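**Q** Dumping the structure here so I can ask a few things about it.
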Amino acid sequence: MVKTYSELYQDVRNELLETEGADAAHVARELVCAASGVPAADLIAGRQIYASDQAVKAIREAVSRRRAGEPLAYILGEWDFCGMALTVTRDVLIPRDDTMAVTELAIKKALFLEQNPRILDLCAGTGCIGLAIAHRVKDARVTLGELSPGAIRVAKKNIADQRLSGRVSCIRVDARQPAARFLGTFDMIVSNPPYVTTGEWEQLDPSVRDFEPRMALDGGEDGLEFYRAIVENFTGALKPGGYLCLEFGMGQHEAVQEILRAHGYRVLQLRRDTGDIIRAVLAQYTREAS
């Protein structure tokens, strides 16, 4: 039976009601529009545009993926963060509202750095933090550092899509290895590193555990492996008096602060996320370990 896109949208919405609840209409609209290329305005207006067999097939495949638990961002192939539509694949974490805490903290500090500051976004993934900084801090020179080849491809595409190739670059960097000399020094390093503990991994929601890259989530036995590695390997890549801005998991703020202070940093500010959880820290390297 030939159907209009509006009719397909209603079918998909009804099919998703059980799993999506109040979000069923939104998810259905996103899936139908992404799979067919039909503007949302046409669905909302109920225009009598009939769907091709190819479009119907694409929509059904998208719905099946969603019903199997795959995150909406991976099905759509892009996700919004800080006003940017970023390409997202299963090679990278999906940008989350939680990460706005470290992003806003870094932007606030970057705006008051010396002219043309150099900033490193370490464990960059999509590049969402570094790209947001580059958008707001117009003279910043940002380097996205990432180890995963797939993530590097995604980050480079996002740099190009955001038209920031003149000030943002992406290179292969391993946070667990000493910083290469060719990197030079930075006014600030910002990072949202892996911080899920090995024990927590199996308890994660299946939509995260079964789809998002473990490499970007697993922070080792206590979840703090990358924080120790970053201060040990990249403090030397900071200019004297440079800043380190980090995201971390719920309840990790005390342990992260201890690591920072033990390596000569002075904690300047903590920031909470939208869920009122302490989620990010800004620290300055003073060369005086406590």
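**Q** What does the charge dipole of the range 173-274 about its Cα centre add up to, to the nearest 20 debye, if the Cβ of each Lys and Arg holds +1 and the Cβ of each Asp and Glu holds -1?
**A** Values: 10 positive and 16 negative charges, 134 e Å.
Roughly 640 debye, rounded to the nearest 20.
**Q** Determine how large the accessible area of residue 243 is when every protein chain is in place; take a 1.4 Å probe and give Å² rounded to the nearest 10.
**A** Solvent-accessible area, nearest 10 Å²: 40 Å².
**Q** What ranking of 146, 202, 78 comes out by heavy-atom accessible area, probe 1.4 Å, highest first? Mind showing how you got there, number by number?
**A** Details: 146 20, 202 115, 78 95 Å².
Ranking 146, 202, 78 by accessible area, largest first, yields 202, 78, 146.
**Q** Do you know the relative contact order of the chain, to the nearest whole percent, from alpha carbon pairs under 8 angstrom that are 6+ apart?
**A** Values: 539 pairs, mean separation 43.2, N = 290.
So the answer I get is 15 percent.
**Q** Rank 265, 140, 130 by how far each Cα sits towards the positive end of the charge dipole of the chain (+1 on Lys, Arg Cβ; -1 on Asp, Glu Cβ) and give me just the farthest.
**A** 140
**Q** On a 0 to 90 degree scale, rounded to 10, what angle separates helix 149-161 from the longest Cα axis of the chain?
**A** The answer is roughly 80 degrees.
**Q** If you don't mind, there's one more thing I want to ask. Using only Cα atoms, find the angle between the long axis of helix 100-110 and the longest principal axis of the chain, and express it within 0 to 90 degrees, rounded to the nearest 10.
**A** It is inclined by approximately 50 degrees.
**Q** Which distance in Å, rounded to a whole number, links the C-alpha centroids of the range 1-53 and the range 229-286?
**A** So the separation of the two Cα centres works out to 45 Å.
**Q** May I pose another question? Given charges of +1 on the Cβ of Lys and Arg and -1 on the Cβ of Asp and Glu, with all other atoms neutral, how large is the dipole of the chain about its Cα centre, in debye to the nearest 20?
**A** Numbers: 35 positive and 40 negative charges, 256 e Å.
With Lys and Arg at +1 and Asp and Glu at -1, about 1220 debye.
**Q** So, one more: Using a/c under 1.5 as the rounded threshold, could you call the range 153-217 rounded, prolate or oblate? The axes a ≥ b ≥ c are square roots of the C-alpha gyration tensor eigenvalues, and prolate needs a/b larger than b/c, oblate otherwise. Don't skip to the end; give the middle numbers.
**A** Values: a/c = 3.01, a/b = 1.56, b/c = 1.93.
It comes out oblate by the Cα gyration axes.
**Q** Counting only protein chains, not ligands or nucleic acids, how are 245, 33 ordered by accessible area (probe 1.4 Å), most first?
**A** Numbers: 245 0, 33 25 Å².
Accessible-area ranking of 245, 33, largest first: 33, 245.
**Q** Projecting each Cα onto the charge dipole of the chain (Lys/Arg +1, Asp/Glu -1 at the beta carbon, about the Cα centre), which of 5, 35, 113 comes out farthest on the positive side?
**A** 113
**Q** Turning to a different aspect of this structure: Which of 264, 184, 127 ends up with the largest GNM mean-square fluctuation for the chain, with Cα atoms connected below 10 Å?
**A** Result: 184 has the largest fluctuation of those listed.
**Q** Which lysines have a Cα lying under 24 Å from the Cα of residue 109, excluding residues fewer than 8 positions away in the same chain?
**A** Counting by Cα, and skipping residues close in sequence, residue 109 has these lysines nearby: 138, 239.
**Q** Can you tell me the mean projection area, over all orientations, of the convex hull of the range 51-139's alpha carbons? Units nm², please.
**A** Taking the Cα atoms of the range 51-139, their convex hull projects to 7.3 nm² on average.
**Q** Quick one: helix 253-262 against the long Cα principal axis of the chain, what's the angle to the nearest 10°, folded into 0 to 90?
**A** 30
**Q** Using only the Cα atoms, what convex hull volume per residue in Å³ does the range 175-290 have? Working shown, then result.
**A** On the way: hull volume 12.5 nm³, N = 116.
Normalising the Cα hull of the range 175-290 by residue number yields 107 Å³.
**Q** Tell me, what is a quarter of the convex hull surface for the C-alpha atoms of the chain, in nm² with one decimal?
**A** Details: hull surface 65.0 nm².
With every direction weighted equally, the projected area is 16.3 nm².
**Q** Also: So for the chain, taking the charge dipole from beta-carbon charges (+1 Lys/Arg, -1 Asp/Glu), which of 86, 22, 72 sits furthest toward the positive end?
**A** Value: 86.
**Q** Still on this model: Pull up the cross-link candidates among the aspartates and glutamates for residue 3, meaning alpha carbon to alpha carbon under 19 Å and not fewer than 8 places away within one chain.
**A** Partners within reach: 11, 15, 30, 42, 53, 61.
**Q** Sort 250, 215 by heavy-atom solvent-accessible area, probe 1.4 angstrom, most to least. Please list the in-between numbers first.
**A** Values: 250 145, 215 105 Å².
Result of the area sort, largest leading: 250, 215.
**Q** Show me, bin by bin at 5 Å from 0, the whole-percent P(r) of the range 238-286 based on Cα pairs.
**A** Cα pair-distance distribution for the range 238-286, in percent: 5, 23, 33, 21, 12, 5, 1.
**Q** Considering only the range 153-290, what is the antiparallel percent among its DSSP beta bridges, to the nearest 5?
**A** Working: 12 of 18 bridges.
About 65 percent, rounded to the nearest 5.
The values are calculated or read from the model by the stated rules, or taken from the named source; none is laboratory data. Small disclaimer: the values here were computed from a predicted structure and weren't measured. Please note: Cβ atoms are built from the backbone with ideal geometry, for glycine as well, and neighbour counts cover all protein chains shown. Protein only, heavy atoms only, side chains kept; ligands, DNA and RNA dropped before computing areas. Shrake-Rupley method; radii C 1.70, N 1.55, O 1.52, S 1.80 Å.
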